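Below: one structure, written as structure tokens.
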Amino acid sequence: MTQHDNDPAWPDHKPTALLVLADGTVLEGFGLGAEGHAVGEVCFNTAMTGYEEILTDPSYAGQLITFTFPHIGNVGTNDDDIETVNMAATPGARGVILRTAITDPSNYRATKHLDQWLKARGIIGLSGIDTRALTALIRSKGMPNAVIAHSRTGEFDLHGLKEEAREWPGLEGMDLVPMVTSGQRFTWDETPWAWDKGFGRQEKPEFNVVAIDYGIKRNILRLLAGVGCKVTVVPATTSSEDILALKPDGVFLSNGPGDPAATGKYAVPVIRDVIKSGTPTFGICLGHQMLGLAVGAKTKKMHQGHHGANHPVKDETTGKVEITSMNHGFAVDETTLPKGATQTHVSLFDGSNCGIQLDGKPVFSVQYHPEASPGPRDSHYLFQRFADLMRQKKSA
């Protein structure tokens, strides 16, 4: 934008926020949410709903989210839709990038305007840029490192921001789980939300499940409770001895942020011990990737990642296609899966691996988010599949 000093009719729209890419590109916009600056990896999310769940998903730690849907804020925010379990941890995404200013809330469940909510959680936002162009850039060049900055005065240390964006090492090789995992063990019995009733309680659990928290989401825990589980959530660094001492009927490997190979340095030996014990095991997202590492496969950084609520996945065990929620920038390299580990799900967008099971063992995982928060509920059956495996194990 060029300001014409001699034209009094020309409006003064001084930018109050910047997105500074690692290659030196500067995108000007208008600030929202918290002031300050944050560095991270820029990704785009195609979901049309669920922005609060997305922004509080711990899997987004270290990332700046570009929403491709232009109207964000229309349902406001509320405490029920927060996905972060560890409220003392870093609140998921580091920044949010929007096409237009935040829409005023118009929903009976809203308790707070999104802008106020962002300020309270320390999340920096920017609006007023062409998010379609930014998305196209990511699709062609991959997810860039960048700094997002917001200042009401419109004054920035541009040289310093460019230097910070250029020198940030990126997510590859980075273990972000310590930022989001729970600090101590706790139990969970809250069941899924029901219309006009809210959340329920699991009062007669059939199964004792230990969930390893690499950045777990609340709705995963609710769906586990909903299929009859009493869930004990343990920190990411809990030893296999401590996990198995709880005598679990099943072990759950949660979602989370960062490079699975980095987290796997301490998580993989634990997962291998759990598998060796014969305990039914179910993994989602980062948990899926680390299960792959535990059986000898490798993971890889994706070009643009998968982030959205409309990703088609084929279940190769049934032939059915389900529409799923996804949020990952790394994936299991299906060409490295060893004998005894079978691919069960595949992305119909790019053919990448989306699920595995271990032959002859009650162990399986998926890359996507079957808890549908946000997103369709096509994949809820996987929680029942986990319950069925635990029931079979107990009856045997």
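Find the residue count for region 335-348, including only residues that are in contact with a Gly (Cβ under 8 Å, 6 or more places away or on another chain) and either among the acidic types (Asp, Glu) or part of a strand (DSSP E or B) (or both).
The number of residues fulfilling the criteria is 5.
Among helices (runs of 4 or more DSSP H) lying entirely in region 235-301, which contain 3 or more residues that are within 30 Å of PRO144 (Cα to Cα)? Walk me through how you get there before you give the answer.
Details: elements: 240-245, 260-277, 286-294.
Once the helices (runs of 4 or more DSSP H) in region 235-301 are filtered for at least 3 residues that are within 30 Å of PRO144 (Cα to Cα), what remains is 260-277, 286-294.
Just for region 316-334: of the residues that are β-branched (Val, Ile, Thr) and either on the phi > 0 side of the Ramachandran plot or within 25 Å of the chain's Cα centre (by Cα) (or both), which one is surrounded by the most Cβ atoms within 10 Å (Cβ to Cβ)?
Filtering region 316-334 down to residues β-branched (Val, Ile, Thr) leaves 317-318, 321, 323-324, 332.
With the extra rule that they be either on the phi > 0 side of the Ramachandran plot or within 25 Å of the chain's Cα centre (by Cα) (or both), the set shrinks to 321, 323-324, 332.
Values: VAL321: 12, ILE323: 17, THR324: 25, VAL332: 28.
That would be VAL332.
Tell me which residues, restricted to region 203-221, are touching a residue at least 60 places away in the same chain (Cβ under 8 Å) and within 18 Å of the chain's Cα centre (by Cα). Working first, answer last.
Going through region 203-221, the residues touching a residue at least 60 places away in the same chain (Cβ under 8 Å) turn out to be 206-207, 209, 212-221.
Across region 203-221, the qualifying residues are ILE212, ASP213, TYR214, GLY215, ILE216, LYS217, ARG218, ASN219, ILE220, LEU221.
Hey, can you tell me all the residues within region 223-241 that are touching a residue at least 60 places away in the same chain (Cβ under 8 Å), surrounded by 22 or more Cβ atoms within 10 Å (Cβ to Cβ) and under 22 Å from the mean Cα position of the chain (by Cα)?
Those that are touching a residue at least 60 places away in the same chain (Cβ under 8 Å), surrounded by 22 or more Cβ atoms within 10 Å (Cβ to Cβ) and under 22 Å from the mean Cα position of the chain (by Cα): LEU223, LEU224, VAL233.
If you take the residues in region 154-212 that are in a strand (DSSP E or B) and modelled with pLDDT under 95, which one is surrounded by the most Cβ atoms within 10 Å (Cβ to Cβ)? Explain how you work it out, then say what you get.
Kept after step one, since they are in a strand (DSSP E or B), are these residues of region 154-212: 186-188, 190-194, 198-201, 207-212.
Of the ones still in play, those that are also modelled with pLDDT under 95 are 193-194, 198.
Values: TRP193: 14, ALA194: 9, GLY198: 9.
Per the stated criteria, the residue is TRP193.
Would you mention how many residues in region 294-317 are under 18 Å from HIS369 (Cα atoms) and among the charged types (D, E, K, R)?
Residues in region 294-317 being under 18 Å from HIS369 (Cα atoms) and among the charged types (D, E, K, R): 3 in total.
Examine region 311-318 for a residue that is charged (D, E, K, R) and under 20 Å from GLY62 (Cα atoms), and state whether such a residue exists. Step through it out loud before you land on a result.
Initially, region 311-318 is screened for residues charged (D, E, K, R), giving 314-316.
Okay, now just the ones that are also under 20 Å from GLY62 (Cα atoms), so none.
No, the conditions are met nowhere in region 311-318.
In region 23-76, what count of residues is obtained for those that are touching a Cys at 6+ places or on another chain (Cβ under 7 Å) and not in a strand (DSSP E or B)?
1
Would you pick out the residues in region 129-142 that are surrounded by 15 or more Cβ atoms within 10 Å (Cβ to Cβ), farther than 17 Å from GLY24 by Cβ and hydrophobic (A, V, I, L, M, F, W, C)?
The answer is none; no residue qualifies.
Does any residue of region 255-267 turn out to be closer than 26 Å to ALA331 by Cβ, of a type in the set (Asp, Glu) and assigned by TED's automatic domain parsing to the domain that holds SER352?
Looking only at region 255-267, we keep the residues that are closer than 26 Å to ALA331 by Cβ, and these are 255-267.
In the following step, the residues that additionally are of a type in the set (Asp, Glu) were identified as 259.
So of that shortlist, the ones also assigned by TED's automatic domain parsing to the domain that holds SER352 come out as 259.
Scanning region 255-267, I find at least one residue that is closer than 26 Å to ALA331 by Cβ, of a type in the set (Asp, Glu) and assigned by TED's automatic domain parsing to the domain that holds SER352, so the answer is yes.
More than 23 Å from THR135 (Cα to Cα) and either more than 24 Å from the chain's Cα centre (by Cα) or not assigned by TED's automatic domain parsing to the domain that holds ILE138 (or both): is that true of PRO374 in this structure? Please lay out each step first, then the result.
Values: more than 23 Å from THR135 (Cα to Cα): no; either more than 24 Å from the chain's Cα centre (by Cα) or not assigned by TED's automatic domain parsing to the domain that holds ILE138 (or both): yes.
Against the criterion (more than 23 Å from THR135 (Cα to Cα) and either more than 24 Å from the chain's Cα centre (by Cα) or not assigned by TED's automatic domain parsing to the domain that holds ILE138 (or both)), PRO374 does not qualify.
Can you name the condition, by its number, that GLN63 falls short on among (1) closer than 19 Å to ARG121 by Cα; (2) in contact with a helix residue (DSSP H, G or I) (Cβ under 9 Å, 6 or more places away or on another chain)?
Result: GLN63 passes all but (2).
Can you pull out every residue in region 76-89 that is of a type outside the set (Gly, Ala, Ser) and touching a helix residue (DSSP H, G or I) at 6+ places or on another chain (Cβ under 8 Å)?
Taking region 76-89 as the starting set, the residues that turn out to be of a type outside the set (Gly, Ala, Ser) are 77-87.
Of everything in region 76-89, those that are of a type outside the set (Gly, Ala, Ser) and touching a helix residue (DSSP H, G or I) at 6+ places or on another chain (Cβ under 8 Å) turn out to be THR77, ASN78, ASP81, ILE82, GLU83, THR84, VAL85, ASN86.
From the list THR84, THR111, pick out the single residue that is touching a residue at least 12 places away in the same chain (Cβ under 8 Å), under 13 Å from the mean Cα position of the chain (by Cα) and outside the structural domain of MET326 (by TED's automatic domain parsing). Full working, then the answer.
Working: THR111 fails: under 13 Å from the mean Cα position of the chain (by Cα).
Going through THR84, THR111 in turn, the sole match is THR84.
Quick one: in region 1-22, which of the residues that are part of a loop (DSSP other than H, G, I, E, B) and modelled with pLDDT of 50 or more is farthest from ALA165 (Cα to Cα)?
Start the filter on region 1-22 by keeping residues that are part of a loop (DSSP other than H, G, I, E, B), which leaves 1-16, 22.
Still in the list and also modelled with pLDDT of 50 or more: 12-16, 22.
Values: ASP12: 28, HIS13: 25, LYS14: 22, PRO15: 19, THR16: 18, ALA22: 5 Å.
If we take residues in region 1-22 being part of a loop (DSSP other than H, G, I, E, B) and modelled with pLDDT of 50 or more, then ASP12 is farthest from ALA165 (Cα to Cα).
If GLN116 satisfies every condition in (1) under 18 Å from the mean Cα position of the chain (by Cα); (2) surrounded by fewer than 20 Cβ atoms within 10 Å (Cβ to Cβ) but one, which is the exception?
Of everything listed in (1) under 18 Å from the mean Cα position of the chain (by Cα); (2) surrounded by fewer than 20 Cβ atoms within 10 Å (Cβ to Cβ), GLN116 misses just condition (1).
On the given criteria, is VAL85 within 21 Å of VAL180 (Cα to Cα), crowded, with 23+ Cβ neighbours inside 10 Å and modelled with pLDDT under 95? First the steps, then the outcome.
Details: within 21 Å of VAL180 (Cα to Cα): yes; crowded, with 23+ Cβ neighbours inside 10 Å: yes; modelled with pLDDT under 95: yes.
Yes.
Looking at region 22-37, I want the residues that are assigned by TED's automatic domain parsing to the domain that holds LYS119 and at positive phi and have a partner that is assigned to a strand (DSSP E or B) and surrounded by 16 or more Cβ atoms within 10 Å (Cβ to Cβ) with Cβ atoms under 8 Å, at least 6 apart or on another chain. Which pairs are those?
The qualifying pairs are GLY33/VAL96; GLY33/ILE124; GLY33/GLY125; GLY33/HIS150; GLY36/ILE124; GLY36/ALA149; GLY36/HIS150.
The values are calculated or read from the model by the stated rules, or taken from the named source; none is laboratory data. Predicted model, so just to flag it, every value in this text is computed and none were measured. Virtual Cβ from ideal backbone geometry, glycine too; neighbours counted across all protein chains shown.
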